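This report refers to the structure that appears directly beneath it.
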Amino acid sequence: MVTVAGRSVVTVLVLIVIVGFVSTRRPLGIKEALAILRRHPPWNFDWWKTASFYQIYPRSFKDSDGDGIGDLRGIKQSLPYLRELGIQGFWMSPIFKSPMADFGYDISDYYDIQPEYGTLSDFDSLVAEAKKLGLKVILDFVPNHSSDENEWFRKSENREQGFEDFYVWHPGKVNPADPSKPLPPNNWVSIFRGSAWQWSDKRKEYYLHQFAVKQPDLNYRNPRVVEQMKDVMRFWLKRGVDGYRIDAVPMLFEVEKDAEGNYPDEPLSGNTNDPNDPGYTIHIFTQDQNETLDMVYQWRKVLNQFQMENGGDARIMMTEAYTNIETLMRYYGNETNDGSHIPFNFGFITDLGKDSSAQDFENTINRWMNNMPNRDGVVPNWVMGNHDQYRVASRFGVEKIDVMNMILLSLPGVSITYNGEEIGMTDVWISYNDTVDPAACNAGPDRYQYTTRDPERTPFQWDDSKDAGFSIANKTWLPVSPTYKDVNVELQQVSNRSHLAIYRKLMNMRKSPTWRKGLLKTTVSGNVLVIVRELDQFETLITLANIGGMSQTVDLSNMGNHPLDKFGFYRVVSLNSTHQEGELVATNNVPLGPFESVVISAKSQYNYYEVLNYRNNI
């Protein structure tokens, strides 16, 4: 059945007829009801549904005190820049108290701020300033594991009452060679290499750690753990945060123990003979358990309840899960439970790269759109990069910086940009001696470059002064990119033709009704990806992204659902374009140079009755 905003068109029309009769005291015909529907489409536009988010890696964004490490005061100082970008909200990688074994993803106190980053007072000040500027603040929530320096773990290791099963413990297997030294319970492998089990001399048992040894997994089969983490969420919600990005969600639950209290081995992948390699096994017992989805639904209820009790805009949840498309769609929720507002869509990261064609891009877009549940409150989202992935300019090539940002920002729903992608920052080569990422350090000097995440985490490039304006320290926590004198915010701010200027123009266009509410249609012409956005009574906006290195001419006149006028206008053009904004262009003959991308506006003949044959994307 055709739907509009998750409701059948018939239902919507019936409601209009009923409301119309009550207000006019006369029956409404179907044509009159359709006319009302056209003027007032029943979309529920919560703030987040078309929002653009910006990820900040706090350690690398802005250092306010000269210690070479970014901090909360530095972020606060930079908020005007975020507002000028046009984003609606930003999410910060973890800022909680931590020994920094995994740079904040090992939390020793969920209720306090890491001193390197500031204090609770600094946090409150940051939130207040963000609200003053109209920016939403999203925290990174790390529920799968804590630090082994967290008092919860210490109490659990000591078997203190109420904490005995706060983490995942096991006595291990009998060691025939030495009964006093049990073997690990099974063959589970850590994401950071080696056994996922670590022996505790104090408790005389193994604990599970799917990441670093200093990151023991919490036991979500213990109701006390579930309630404790909900309390953490409520604590920061009360301090004014607008939602959470939830880390490593698929690892929350492991398969239950069998009748003898043991866990099964995971099947071997056959991809490597190295038992310490995380790819040695297929993680069917440690990831994507059904209970994980229920936990996500429970967290959504916490957010919904908080909004209901305290008012204000929706508090949102973003979830990180690298998993199959069927499971991802279940994160949205079901007919009885709301789920994640934004289950991250990593298709541009996992499925595409430097050699991908325009058809590959269209397939990736359609894969998400075609699988998305057709319910109210479900919108698409698009993620180009993050702190765990090589930078966009390095993955796709510097010549495609504008191409990628135009694709990202012209698609419907939510966009997410990692700090630095708007100016085209690239990965930085880091020597093993300068490497600090635990995943890379564990891999050793011969293999660290295959696992390191340091190259995409280097300091933000603000200007061409010492250390790119990030810090006045003698040494920054990671080296600054040698490109900073040519690639920085200050240099690009003064030019109307820069990656930053183009990004801002695109962000401004995202305010347009067509990009906020319009229907989506994609097609491919040669190696050009064409993204058409249409909305009744508004201009049609067409994004053309030449993925290939050859010049090409595209005929747009009949690529949308409705014929375009003979001429349109360039609205945004890439840095390598020979065209100017406002320049007239024949819609049946649009020339594109190698890796050129443009946004064109044109009028079209739009018959509303045909809208009902296409899915509303918002």
Where the stretch 412-570 is the region considered: accessible area per residue in Å², 1.4 Å probe
39 Å²
Over the chain, what is the relative contact order in whole percent, taking alpha-carbon pairs under 8 Å and six or more residues apart?
13 percent
Count of lysine pairs, the stretch 175-332, Cα-Cα under 18 Å, sep. 8 or more residues or interchain, comes to 7
What number results when the radius of gyration of the stretch 318-404, computed over Cα atoms, is divided by 2.2 N^0.38 Å?
1.16
Treat the stretch 112-180 as a sphere of radius equal to its Kirkwood radius over Cα pairs and apply Stokes-Einstein at 4 °C in a medium of 1.567 mPa s; give the translational diffusion coefficient in µm²/s, rounded to a whole number.
81 µm²/s
Computed over the stretch 372-498, the ratio Rg/Rh where both radii use C-alpha atoms and Rh is Kirkwood:
1.04
Semi-axes of the stretch 319-368's equivalent ellipsoid from the Cα gyration tensor, sqrt of 5 times each eigenvalue, largest first, rounded to whole Å?
25, 11, 7
Can you order the peptides 517-523, 419-425 by their average number of other Cβ atoms within 10 Å per residue, highest first?
419-425, 517-523
Which of 49/505; 131/511; 354/505; 49/603 exceed 22 Å between C-alpha atoms? The answer is 354/505; 49/603
How about residue 517: which aspartates and glutamates have a C-alpha closer than 15 Å to its C-alpha, ignoring those fewer than 8 places off in the same chain?
46, 376, 534, 536, 539
Volume in Å³ per residue [convex hull over Cα atoms, computed for the chain]
175 Å³
With Rh as the Kirkwood radius over Cα pairs, the stretch 180-249 has Rg/Rh of 1.09
Among the lysines, which fall within straight-line cross-link reach of residue 466, defined as a Cα-Cα distance under 25 Å, with same-chain neighbours fewer than 8 residues apart omitted?
62, 76, 475, 485
Take every Cα pair under 8 Å in the stretch 157-207 that's 6+ residues apart, average their separations, divide by the length, and report that relative contact order as a whole percent.
37 percent
Inverting the mean 1/r over all pairs of different Cα atoms, compute the Kirkwood radius of the stretch 67-168 and quote it in Å.
15.0 Å
Along principal axes, Cα extents of the stretch 497-568, largest first, whole Å:
34, 33, 20
Residues with beta-carbon under 10 Å from that of residue 302, excluding residue 302: net charge, scoring Lys, Arg +1 and Asp, Glu -1?
+4
Quick check on the stretch 415-470: take the gyration tensor over C-alpha atoms, sort the square-rooted eigenvalues as a ≥ b ≥ c, and tell me if it's rounded (a/c under 1.5), prolate or oblate.
oblate
Subtracting the Cα-Cα distance from 0.36 nm times the residue separation, let me have the gained length for residue 474 to residue 181 in nm, one decimal.
100.7 nm
Per residue, how many Å² of accessible area does the stretch 45-88 show with a 1.4 Å probe?
29 Å²
Which semi-axis lengths, in whole Å and largest first, follow from the square roots of five times the eigenvalues of the Cα gyration tensor of the stretch 215-270?
31, 16, 7
Which Cα, out of 321, 108, 359, lies furthest along the positive dipole direction of the chain (beta carbon charges, K/R +1, D/E -1)?
359
Expressed in angstrom and ordered largest first, the alpha-carbon extents of the stretch 194-323 along the principal axes are 54, 35, 28
Could you tell me what percent of the accessible area of the chain is made up of carbon and sulfur, with a 1.4 Å probe and every protein chain present?
50 percent
Within-13-Å neighbourhood charge of residue 399 [Cβ basis; K, R +1; D, E -1]
+1
Can you pull a Stokes-Einstein diffusion coefficient for the stretch 275-345 at 10 °C (1.306 mPa s), Rh from Kirkwood over Cα pairs, as a whole number of µm²/s?
117 µm²/s
Residues in the stretch 537-559, backbone N under 15 Å from the label point at residue 369 (7 Å along the Cα-to-beta-carbon vector): list them, ranges by number please.
541-545, 559
Express as a percent, rounded to the nearest 5, the fraction of DSSP beta bridges in the chain (both residues included) that run antiparallel.
65 percent
Using a simple spin-label model with points 7 Å from Cα along the Cα→Cβ vector, what separation in nm is obtained for residue 85 and residue 357?
3.4 nm
In terms of the alpha carbon gyration tensor, root eigenvalues a ≥ b ≥ c, rounded if a/c is under 1.5 and otherwise prolate when a/b exceeds b/c or oblate, the stretch 120-244 is prolate
If you roll a 1.4 Å probe over the heavy atoms of the protein chains, what accessible area per residue do you get for the stretch 129-276, in Å²?
43 Å²
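The values are calculated or read from the model by the stated rules, or taken from the named source; none is laboratory data. Predicted model, so just to flag it, every value in this text is computed and none were measured. Cβ coordinates were reconstructed from backbone atoms using ideal geometry, including for glycine residues, and neighbour counts include every protein chain displayed. Remember, those area values only see protein heavy atoms, side chains included, never the ligands or the DNA or RNA. Shrake-Rupley method; radii C 1.70, N 1.55, O 1.52, S 1.80 Å.
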